Structures are given as C-alpha cells and as structure tokens.
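Contents: one structure, followed by commentary.
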Amino acid sequence: MNRLFNLSQVLILAVILISCKTPTPKDLSKENLIPKPTSLIATGSSFDWTARTRIYLSAEQEGVQAIAEYLTDFIAPATGFETEIKTTNKLSSKRGIALFLNKDLSALGDEGYKLNITDKRLVLEAYQLAGLFRGVQTIRQLLPSCIESKDLQTGPWELASGTIEDTPNYEYRGAMLDVARHFFDVADVKRYIDLLAAYKMNILHLHLTDDQGWRIEIKSWPNLTKHGGSTQVGGGEGGFYTQADYSEIVRYAQERFVTVIPEIDMPGHTNAALASYAELNANGKSPSLYTGTRVGFSTLATDKEITYKFVDDVVRELAAITPGEYIHIGGDESDATKKKDYIKFVDRVQEIVHANGKKMIGWADISAAKLNENTLAQFWHTRTKTALNAVKQNAKIIMSPATRAYNDMQYNSICPLGLHWAGYLEVDKAYDWTLETIVEGISKENIVGIEAPLWSETVETIDDIEYLVFPRLVGYAELGWSNHADKSWDEYKVRLGKHKTRFEQMGINYYPSPLVPWED
C-alpha cells in the first residue's frame, strides 16, 4: 500500500515538474523566416508544443476547422502527436493554441495575420481564412526543421515567443509550370502546389497547351488530347488531364489557398491543336505532331469563324471548372500571324473570355490590341515596349522578367538543366531586384505582383523541377510578400542558408549554390 502511495506521489510530482518546466530562452528575431515578416517583436521566451497541447477554435467560424486539421496533420508524422482540436466560446482563457478570425483585423487584408506567442499560449488570428493559412506557414517555419520529416523525430517542439504582424506587399505571387513541353502528372502538380504554399505563394499558372502537346480534356473537341496530347518534346508518350483530374488539382490548390490560372496559348504555339483538327489551319490541312523546341512557326487561322467557335468552346469548358477569375490566353511569339490578324484575334478572344465570365491574362505581346482595364499583361521579354504599352492602356502588369524570374534559365554554364537565352541566373541575381524598379516607367501602382515561370523543354521529372526552382522560388516569394527598405542579398542569403536542413527534410532536390552559406 505504501509502495503504491509513494509511486502515485512520484507520478504526480513528475507531472507537476513537467508542467512547470522553465521555458527555453529563444530570440524570435533570429528565426530566419522567409518571406521576412512585416513586423516582429521578440520577447525572449518560447512556447512548447507537447502531446498535451490542444488547438482551440471559435464554435461559430466556418472554415477554421479545416486549417486546424491541416496543421495537426502536418505536424503529426514528425511529432507523433494526435493534437486535439476543440471548439469553445472562451478562447482568451485557454492555454495552448488558438486559431480564429477577427473582424477587427480588416486592415491586414485577406492574407495578413497576427501571431502572438507566449510561454503559455500561441494565438493566430486573421481577418480571412487565407490569412490564417499563411500564418500557419509561419508557425511551420518557427518549429524545428525536422518538423518537415515524415518519420518520427525526438523534438522538443518549441517556438520562439513574440508578436508578428504580417501582410503581403503584392496580391499576386505565383509560379508557372509548363506541362505542355513535358507532361507532369497530378501527383507532381500537387507536390508543386505544396512547395508554393509553404512559402506563402498564392498562384499556380498552368501552361496547358503548346506546339508539343495539348494537356487538358475538351469534351467538344476530343481529338485535342487523343492526338494532340499523345507526345512531347523528344517524342515521349505525353499525356493529359481529364477534366476530373484538373478539378482535383484545383480543389487541392484551393485547400492551400492557391488559385489555379489555366493557360491556352494562342494564336501561336498551337501546333498540337492544328495537328488535331485540320479546319483550324488556313490551308485546311493538319501538320504533323511536333516534338522539337523551335517557336514562332504555328498559328490558328484567324480569319475563319470555326477558329472562334473552337476558342469559345475551349474557354467555356475550362471556365466552368476554373473557380478563379482569370483565363490566360498566351499570345506570345506569334511570329507566323500577321500583325493585323493578331490584333483582330486578341480583340475577339478578349470578348470571348469576358462572355464566359472570366478576365483575361496574356503575355505582354497582347498590348498590340486594345485591352480592357481588367485585363492583365504579363511582362516577360527583354524588350519592355509591350509592357509599357499595356500600362498606357491602364492594364495591370504581372512581373516575370526573363533575365530575373525565369526558373528555366541555367544557374551557370555547367548547369545540367535549363536554357540560357536570357542569360545565366544565379540565386543572387534572381533575388537582388525589385518589381517596381526593374522597368523604367512601370511603378508599383501598375503592378499586381510577381510570377516565376518554369518552361519545360529540358525538364522531365519532379526532381528536375525542384532543382531549377529551388532555391530561387523562395526569393521570389519574398520579393512578392515582403517590403523592407533595408532589403539586401547579403542579409537574405544568410536566412536562406539556414533553410538547408528544412529543404532536405522536405525532400527537395535543390541547387546548392556556392553563393549561399548553407548551414545545418
């Protein structure tokens, strides 16, 4: 009896000692967050996430539960914790973690958030659900890098204490994936979405069609995928997404507050469509499928009404399964289209996009036509005239300068992947610029944000994608989100180097640039 009593006392004492554990001193300002938050105040203590920690939500806030589940599912493999989620009307009195929407935080906008961490509580609040999700990514980076592991780790799981208030500088922060030159399956695209979301990016632009392949099912024109999707660069078997596949990608992205923008490139870059349907050609004859990498040789027949029926059918079907507000119509490198025909084509396609309830995006070449003010022009070329012409028409600009933001540019002359027609693009050059000063005559008020394209002429696997994208994408995420007067490569590269272990735990096949001081 005494032995049992003494054992009980020991167990009670152990619980008391654990619950009274002195918090580990930590400095929030040295946590190497990327993107760098808008404001941060460190308080020198820490919050310990343990197996007993609970997440509390307000009982009346729809959508917060899903974000809490995302967080608990994310931390479970490494920690082994089955973190309990509870709803309550007394959030302010609970120890543990609280996630909630706060209507008084409207100044933070849709994606801003406030994070307050003490030794007893971690409170994440935002005006909208997207803000809570972005804040969860900050929580993720405040946890030790081994939180990214899919295998059980030892911990402890401590987060530095303090307050962060954070809002994005630009509303549009995206990346483009070319699935036309080489096809990537649904699993690869989901992986890419996860990598974007981890660094607070919110747009995935899918380049779905090109000379080498048509990758999205259009039920009214079935030969587009049956024939046009049957190959790729180098002559591989190609592939395509059914509309159900595409909807699955869109849903997965929505759960991570990423908007999918589909691109159907036209009137050039259309050989896959022309090979599939003879009537889309000026001469009524279908060319052979194309598996090379040359550009500028193809064009839809811009003077045939069947071409505009085709465009309307494609846009109609795609708009019906795309909840985002934009459809990208390409418009670049239409060298085989006479200028007057190109202008007529873009004018009509812009009307078709709007008639199907969407707004139009095009590469800045579309500024040769008359643009609506809600049309976006994507600056990419080394020549700036097209983007400046779009600004003169009051169209907003997406910044994707090839010399700075093209992920398919080689890092250097010995890089095994990528191209270099726009020059070599090391990690410092990819980061060390600003959206609002890269083109004289285009200021912040003209810009919606940044997008980093990855063209896939040389890219065949998800490992290839990751090698060219990381670590440059992390810098693009910061260029779009953060706004600090003291921004510098020398400061950023140190923070980037501290993400080495995190990249490795995430399983990212990144390029270990010699310009970055990588640290375990």
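The values are calculated or read from the model by the stated rules, or taken from the named source; none is laboratory data. Every value quoted in this text rests on a predicted model; they were computed, and no experiment measured them. When we count neighbours, we look across all protein chains shown, and the Cβ atoms used for this are built from the backbone with ideal geometry, even at glycine. The accessibility values were calculated without ligands, DNA or RNA, using every heavy atom of the protein model including side chains. Shrake-Rupley method; radii C 1.70, N 1.55, O 1.52, S 1.80 Å.
Summary table
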{"quantity": "Cα gyration tensor, region 111-188 - rounded (a/c under 1.5), prolate or oblate", "calculated": "oblate"}
{"quantity": "Length released on extending from VAL186 to THR87, taking residue separation times 0.36 nm less the Cα-Cα span", "calculated": "32.2 nm"}
{"quantity": "31 Å Cα-Cα threshold exceeded, pairs from LYS200/LYS396; LYS36/LYS120; LYS226/LYS385; LYS114/LYS396; LYS200/LYS340; LYS219/LYS396", "calculated": "LYS226/LYS385; LYS200/LYS340; LYS219/LYS396"}
{"quantity": "Net charge, LEU224 excluded, C-beta distance under 12 Å - Lys, Arg +1, Asp, Glu -1", "calculated": "0"}
{"quantity": "Residues whose placed amide H lies under 5 Å from that of ALA98, excluding near-sequence neighbours", "calculated": "TYR56, LEU122, VAL123, LEU124"}
{"quantity": "In order through region 365-379: 3J(HN,Hα) via Karplus (6.51 cos²θ - 1.76 cosθ + 1.60), integer Hz, x for Gly, Pro", "calculated": "4, 5, 5, 5, 8, 8, 9, 6, 5, 8, 7, 9, 10, 9, 6"}
{"quantity": "Label-to-label distance, nm, for residues given as THR293 and LYS392 (7 Å Cα→Cβ offset)", "calculated": "3.5"}
{"quantity": "Alpha-carbon centroid distance for the pair region 75-89 / region 286-360, whole angstrom", "calculated": "48"}
{"quantity": "Per residue solvent-accessible surface (Å²) - the chain, probe of 1.4 Å", "calculated": "41"}
{"quantity": "Amide N proximity, region 360-388 versus GLU171 label position 7 Å along Cα-to-Cβ, cut-off under 13 Å", "calculated": "374-376"}
{"quantity": "Label-to-label distance, nm, for residues given as LYS285 and THR437 (7 Å Cα→Cβ offset)", "calculated": "5.6"}
{"quantity": "15 Å beta-carbon shell around VAL391, net charge (K/R +1, D/E -1)", "calculated": "+1"}
{"quantity": "For region 198-208, Karplus couplings with θ = phi - 60° (6.51, -1.76, 1.60), whole Hz, Gly/Pro x", "calculated": "4, 10, 6, 7, 10, 10, 10, 9, 9, 7, 8"}
{"quantity": "Percent carbon-and-sulfur accessible area, the chain, ignoring ligands, DNA and RNA, probe 1.4 Å", "calculated": "51"}
